[in-house]
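This report refers to the structure that appears directly beneath it.
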Amino acid sequence: MTENDMFRDFSVFSDFSPETLSEIAKLAVVLTFESGETIFQEGENARDLYGILDGEVELSTRFNQQVLKTDIQYEESIQTRIETIEKNIVVDAVGPGEILGWSSLIKPRLLTSTATCTVPTRAFCMSADDLKLIFDRNPQVGYGFMVRLSEIISQRLRTRTDKLIESWNEAFDLDRI
């Protein structure tokens, strides 16, 4: 695989000149992950952009659920307390040709989900700061990239919203949230 071929399936890099792709490819390091391995955690500082070359990664978000617990002692004393249970909910799955860690390019630069491999996965990783330097030198390239990135973010937001509405409707059978 040549440097430029690495980005062939990534819409976010479409329409880039071979020279620009070569410059970006110099920033990329190919990483391998085992099934079940976490690439990054929600809430961490975002520094790197990732692209899935092969494999699959689930994106999940933390959900804190408060549960009322009761302790009954001798039928005379009932003690209650609220416990917070942290759960991870899978909100999306991404595969070859898709990017992760887009938060590294946008303030406040905090990761919005946890990325966990469901199968052995190969991905490239590059410093967002180094990528921004290329965009600073060539604003037209940066603009095209950010337009396509905004489309990706918009689609992921729609997916999360659709899942939220579906779950809410199943749980409460309501017409309003």
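The values are calculated or read from the model by the stated rules, or taken from the named source; none is laboratory data. Quantities reported herein were computed from a predicted structural model and do not represent experimental measurements. All Cβ positions, even for glycine, are placed from backbone atoms using ideal geometry, and neighbour counts span all protein chains on display. The area values use the complete protein model at the heavy-atom level, side chains included, leaving out ligands, DNA and RNA. Shrake-Rupley method; radii C 1.70, N 1.55, O 1.52, S 1.80 Å.
Here residue 129 does not qualify as open to solvent by 20 Å² or more (accessible area, probe 1.4 Å) and touching a strand residue (DSSP E or B) at 6+ places or on another chain (Cβ under 6 Å). When residues in region 13-36 are screened for being in a loop (DSSP other than H, G, I, E, B), over 21 Å from the mean Cα position of the chain (by Cα) and of a type outside the set (Asp, Glu), 3 of them pass.
Taking region 17-68 as the range and being out of contact with any helix residue (DSSP H, G or I) (no Cβ under 7 Å at 6 or more places or on another chain) and of a type in the set (Gly, Ala, Ser) as the test, the residues that pass are 17, 35, 36, 43, 51, 55, 60.
Within region 62-177, which strands (runs of 3 or more DSSP E) (wholly inside it) include 1 or more residues that are farther than 27 Å from residue 30 by Cβ and at pLDDT below 95?
Result: 77-94.
Might you let me know whether region 102-119 holds any residue that is within 30 Å of residue 168 (Cβ to Cβ) and over 16 Å from the mean Cα position of the chain (by Cα)? Checked against the condition, which is being within 30 Å of residue 168 (Cβ to Cβ) and over 16 Å from the mean Cα position of the chain (by Cα), region 102-119 yields no hits at all.
Restricted to region 107-141, and to residues that are without any contact (Cβ under 8 Å) to a residue 24 or more places away in the chain and not polar (S, T, N, Q), which residue is farthest from residue 60 (Cα to Cα)? Working first, answer last.
Of all residues in region 107-141, those without any contact (Cβ under 8 Å) to a residue 24 or more places away in the chain come to 107-108, 133, 135-137, 139-140.
When the remaining residues are screened for being not polar (S, T, N, Q), the result is 107-108, 133, 135-137, 139.
Numbers: 107: 20, 108: 19, 133: 30, 135: 30, 136: 32, 137: 35, 139: 33 Å.
Per the stated criteria, the residue is 137.
For region 59-78, the condition holds for at least one residue, the condition being that it is surrounded by 10 or more Cβ atoms within 10 Å (Cβ to Cβ), in contact (Cβ under 8 Å) with a residue 40 or more places away in the chain and within 21 Å of residue 148 (Cα to Cα). The residues of region 1-58 that are among the acidic types (Asp, Glu), farther than 16 Å from residue 145 by Cα and either in contact with a Cys (Cβ under 9 Å, 6 or more places away or on another chain) or crowded, with 16+ Cβ neighbours inside 10 Å (or both), listed by number, are 34, 37, 42, 56, 58. Just one of (1) under 24 Å from residue 56 (Cβ atoms); (2) open to solvent by 60 Å² or more (accessible area, probe 1.4 Å); (3) hydroxyl-bearing (Ser, Thr, Tyr) fails for residue 84. It is (1).
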